[in-house]
Amino acid sequence: MLPQKMKISEKAFVSLRRLQINTGLTVNIGARLAFFASMERGFTWNGDDIPLTQRELDKYTWMGDYGDVVEMLLKQKYPNLEAKDYYKAWGSHVDDGALLIETSPNISTLSNF
């Protein structure tokens, strides 16, 4: 469902770099946290395109062992999307969640999300 190579938005990348500076967590780990934080807070992608232009990595690097869980959550939340739109929805959730977690001063505060 999700492509093998994926990018995030410039806004998410900047937020996740701030998180990395504050906590030492890499951008790909931050993206996982951002996705789940966004899902947990109830964000819903409205179909808008966001430019996914930064940090191309393979799907496994972005999601680690949680790839199947991410895809299942996306299918459950958006059951009627076309395959190409799941990537946009994922990117939108990372974008949303990155703003939530970027200012975390340390790793322990991330458990609040």
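Taking segment 1-84 as the region of interest, the helices (runs of 4 or more DSSP H) fully inside it that hold 1 or more residues being hydroxyl-bearing (Ser, Thr, Tyr) and free of Cβ contacts under 8 Å to residues at least 60 places away in the same chain are 59-63. For Ile50, the test of being among the β-branched types (Val, Ile, Thr) and out of contact with any Gly (no Cβ under 8 Å at 6 or more places or on another chain) is failed.
In this structure, is Ser104 among the hydroxyl-bearing types (Ser, Thr, Tyr) and over 14 Å from the mean Cα position of the chain (by Cα)? Before you say what the answer is, go through the steps one by one.
Values: among the hydroxyl-bearing types (Ser, Thr, Tyr): yes; over 14 Å from the mean Cα position of the chain (by Cα): yes.
Yes: the conditions hold for Ser104.
Of all the numbered requirements in (1) modelled with pLDDT of 95 or more; (2) out of contact with any Leu (no Cβ under 8 Å at 6 or more places or on another chain), Gly91 misses one, and that requirement is (2). The set of residues in segment 43-91 that are of a type in the set (Lys, Arg), more than 12 Å from Ile8 (Cβ to Cβ) and surrounded by 12 or more Cβ atoms within 10 Å (Cβ to Cβ) comprises Lys59, Lys75, Lys77.
The values are calculated or read from the model by the stated rules, or taken from the named source; none is laboratory data. Just so it is clear, the structure is predicted and the values come from calculations on it, not from any experiment. Cβ: placed from backbone, ideal geometry, glycine included. Neighbour counts: every protein chain shown.
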